[in-house]
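In what follows, a single structure is set out as structure tokens and then discussed.
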Protein chains: 2
Amino acid sequence: MRIALDAMGGDDAPREVVAGSILAVQAHPEIEVVLVGDPDLIQRSMDELVPELAPDQTNRIEKRLTIESASQVIRMHEPPVEALRRSPDSSIARAVALVGTGRAEAVVTAGNTGAAVAATHQALGRIKGIRRPGIAVVFPTTGPNPVVVIDVGATVKCQPIHLFHFGVMGDGFARTVLGAARPRVGLLNIGEEDEKGNELVRKTREFFSRSHLHFIGNIEGQEIFRGKCDVVVCEGFVGNVVLKVTEGMAEFATRYVKKLFAGDDSPASHRVQSGLSGATDFSSYGGAILLGVNGICIIGHGRSKRRALSNAITMAARYIQARVVEGIINDLRSTETKNSQTAKST
Amino acid sequence: MRIALDAMGGDDAPREVVAGSILAVQAHPEIEVVLVGDPDLIQRSMDELVPELAPDQTNRIEKRLTIESASQVIRMHEPPVEALRRSPDSSIARAVALVGTGRAEAVVTAGNTGAAVAATHQALGRIKGIRRPGIAVVFPTTGPNPVVVIDVGATVKCQPIHLFHFGVMGDGFARTVLGAARPRVGLLNIGEEDEKGNELVRKTREFFSRSHLHFIGNIEGQEIFRGKCDVVVCEGFVGNVVLKVTEGMAEFATRYVKKLFAGDDSPASHRVQSGLSGATDFSSYGGAILLGVNGICIIGHGRSKRRALSNAITMAARYIQARVVEGIINDLRSTETKNSQTAKST
């Protein structure tokens with residue numbers, strides 16, 4: 001499997017990105033990575049990092065890491081659409097183009113999220129029938145299964161049909177990737193009752209109620225992490241706030257507990273410190289996937305270090321294997337079939 | 001100070017509510033509580049709980065706990081306005097009425113939030129100049145000061161002027177209660193840049209930029225807990241999601257760490273378990289305050305136990321002393337003066 005990696009995206013690019021690609025190909029012999037960006041900077045990072053490996057590994061790994069030149073970089077806070085127009089040879093645009101021409105099967109970036117969404121949208125197009133793309137993030141829960149939240153920021157302002165499409169895409173994702181046989185889909189709202197919330201969620205309920213999806217109604221914020229459903233649907237603005245509040249709380253909780261153990265050198269303290277490192281990575285764990293486009297695009301946190309980037313690359317490989325885009329297309333087809341059958345029978 | 005307490009509000013009412021009132025008057029000799037609700041049920045809880053006290057305390061405490069009869073109860077999930085119309089003798093309506101007639105200086109409830117907002121709004125009226133009430137919650141941060149988030153659910157759908165008023169009220173609250181000399185006010189958004197977000201936040205920025213408030217611009221979800229500002233302003237729908245996601249994450253983090261210590265009986269383990277009990281109460285800590293109405297209304301979590309209710313009563317007493325309503329009225333007045341001066345000078 002060949003994965004295009006935006007080597008210039010992220011706060012610690014290209015060094016941590018290159019390091020992440022080395023970790024990923026080391027752990028997964030089936031993965032090849034195309035590092036897209038400034039060839040000199042990428043080569044310099046590789047020259048520094050590769051000699052750290054065991055000599056017998058070097059050759060095997062270098063063969064699976066290739067460099068694709070891109071002369072421009074889109075910075076974190078540039079306005080996405082404008083930046084893409086100004087920088088046609090940007091690393092993110094070039095990386096996405098590799099997927100468009102079939103030279104890679106997925107793209108991974110820890111750079112400007114808006115630019116990644118816009119570049120993928122422009123180059124690969126939307127899945128037929130989907131009006132707006134959505135970014136999906138997988139969260140752990142206290143239940144046996146994780147939960148996917150969609151959209152966390154691709155479509156800031158939504159109409160009911162957009163939220164409904166997020167539900168269809170989340171359903172396809174939960175089936176193909178999370179192995180849920182009949183995903184329970186919930187709508188993020190501020191109360192359990194039907195009449196709660198704003199006009200958007202009230203109207204969206206009607207779409208879900210008439211669909212073939214296993215819609216379980218409203219989900220409140222505190223229930224996301226309780227494993228009450230497999231898919232949580234929300235508008236991009238709200239989902240992005242959820243994602244970031246989760247990150248902030250994980251950070252807060254980590255500091256809180258670490259303070260309890262300040263200066264403590266006991267085995268219990270060590271266990272908690274290392275356990276918490278896992279919890280802190282919670283939100284930057286791997287990355288988010290852009291759904292609704294004709295291809296796989298994984299978006300990592302801007303602060304991603306090598307381990308998070310390696311996870312994002314591995315995630316991309318898993319989604320390629322799970323055929324997540326085809327899963328959504330099939331789900332959408334059966335939605336259309338069932339809806340037209342319902343329309344005929346009524 | 002006399003505080004009206006909705007003795008029938010909350011999942012464990014009236015027992016935990018009565019217990020909370022006993023804790024509060026025990027700890028604070030200046031507090032008197034009027035327990036509003038079914039007199040028989042309240043008396044039964046008191047008969048059970050008061051004998052647990054030391055004999056010399058019993059008399060002193062019973063004198064500061066009085067009962068006010070109310071024959072109806074509004075349940076957690078009843079539609080607020082309809083329920084208030086149907087139940088004119090509800091405990092929440094009667095408790096608020098005590099403030100309206102000057103027999104109490106604040107009301108505290110752990111019952112139906114919507115009913116508390118509507119009852120207070122109807123009986124006490126809005127502060128002149130404020131268009132919509134907002135619920136404010138104080139969160140701890142990793143910085144030296146806490147942060148107040150407003151609105152967490154009173155006004156689900158907002159216009160820019162409503163958000164601006166939340167900022168003015170948050171500013172008054174932070175000055176009078178949190179002791180911030182010049183509160184930094186931030187607008188919850190999904191990016192740092194001016195052009196980010198939806199139309200509501202973009203238009204609200206203009207109000208803040210032209211005001212006398214110390215507006216620091218956009219605040220992202222992860223920054224709420226970092227002490228970057230003293231007041232975070234958001235629409236009720238979004239704020240309610242923030243509140244509940246915070247609660248859900250606190251719950252998740254607590255379980256996560258407790259699992260790390262399962263079966264561990266070391267001192268470190270005990271320290272963490274008791275430390276975490278504090279962290280779990282995080283979101284139910286005391287309660288939220290309804291701002292924008294002519295009086296003090298504290299809204300506790302429906303799941304509040306005696307300690308949380310006692311905290312909510314103590315909080316009400318602190319806000320009475322801080323003259324929080326007057327603080328907001330003064331803030332609003334100076335906003336109007338400065339705005340009219342600005343209007344004249346331009």
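The values are calculated or read from the model by the stated rules, or taken from the named source; none is laboratory data. Just so it is clear, the model here is predicted, and its values are computed rather than measured. A quick note on method: Cβ atoms are made from the backbone with ideal geometry, for glycine too, and the neighbour counts reach across all protein chains shown.
Is there any pair linking a residue in segment A:192-206 that is outside any helix (DSSP H, G or I) to one that is aromatic (F, W, Y), with Cβ under 7 Å and at least six apart or on different chains, and which? Note: pairs meeting the criteria are A:G197/B:F237; A:N198/B:F237. Annotation: of all residues in segment B:59-82 being more than 19 Å from B:C297 (Cα to Cα) and within 14 Å of another protein chain (Cβ to nearest Cβ), the one that is modelled with the highest pLDDT is B:E82. Within segment B:46-58, is even one residue part of a loop (DSSP other than H, G, I, E, B), more than 21 Å from the chain's Cα centre (by Cα), modelled with pLDDT of 95 or more and not aromatic (F, W, Y)? Checked against the condition, which is being part of a loop (DSSP other than H, G, I, E, B), more than 21 Å from the chain's Cα centre (by Cα), modelled with pLDDT of 95 or more and not aromatic (F, W, Y), segment B:46-58 yields no hits at all.
All conditions in (1) of a type outside the set (G, A, S); (2) over 26 Å from A:A115 (Cβ atoms); (3) in contact (Cβ under 8 Å) with a residue 12 or more places away in the chain hold for B:E220, with the sole exception of (2). If the condition is being surrounded by 17 or more Cβ atoms within 10 Å (Cβ to Cβ) and at the interface with chain A (Cβ under 10 Å from one of its Cβ atoms), then segment B:199-218 contributes B:L200, B:V201. Among the criteria (1) at positive phi; (2) without any contact (Cβ under 8 Å) to a residue 40 or more places away in the chain, the one B:N189 does not fulfil is (1). Restricting attention to segment B:26-42, the residues that are under 17 Å from B:V73 (Cα atoms) and at pLDDT below 95 add up to 0. Would you tally the residues in segment B:9-27 being under 18 Å from the mean Cα position of the chain (by Cα) and either part of a helix (DSSP H, G or I) or surrounded by 24 or more Cβ atoms within 10 Å (Cβ to Cβ) (or both)? The total comes to 6. Restricting attention to segment A:146-192, the residues being within 14 Å of chain B (Cβ to nearest Cβ) and charged (D, E, K, R) number 3. Only residues that are in contact with a Lys or Arg (Cβ under 9 Å, 6 or more places away or on another chain) and either within 14 Å of chain A (Cβ to nearest Cβ) or not in a helix (DSSP H, G or I) (or both) were counted in segment B:89-109, giving 4. Just to be sure, is B:V148 assigned to a strand (DSSP E or B) and either modelled with pLDDT of 95 or more or among the hydrophobic types (A, V, I, L, M, F, W, C) (or both)? Yes; evaluated as a whole, the condition is true for this residue.
Among the residues in segment A:32-45, are any in contact with a Leu (Cβ under 7 Å, 6 or more places away or on another chain), of a type outside the set (V, I, T) and more than 21 Å from A:A115 (Cα to Cα)? No, the conditions are met nowhere in segment A:32-45. Only one entry of B:V108, B:V168, B:V138 meets the criterion of being touching a residue at least 40 places away in the same chain (Cβ under 8 Å), buried (at least 24 other Cβ atoms within 10 Å of the Cβ) and closer than 27 Å to B:G227 by Cβ, and that entry is B:V168. The single residue among A:A119, A:A115 that is within 14 Å of chain B (Cβ to nearest Cβ) and crowded, with 24+ Cβ neighbours inside 10 Å turns out to be A:A115. Within segment B:116-132, identify whether any single residue is in a strand (DSSP E or B) and under 25 Å from B:L200 (Cα atoms), and answer yes or no. Checking segment B:116-132: at least one residue is in a strand (DSSP E or B) and under 25 Å from B:L200 (Cα atoms).
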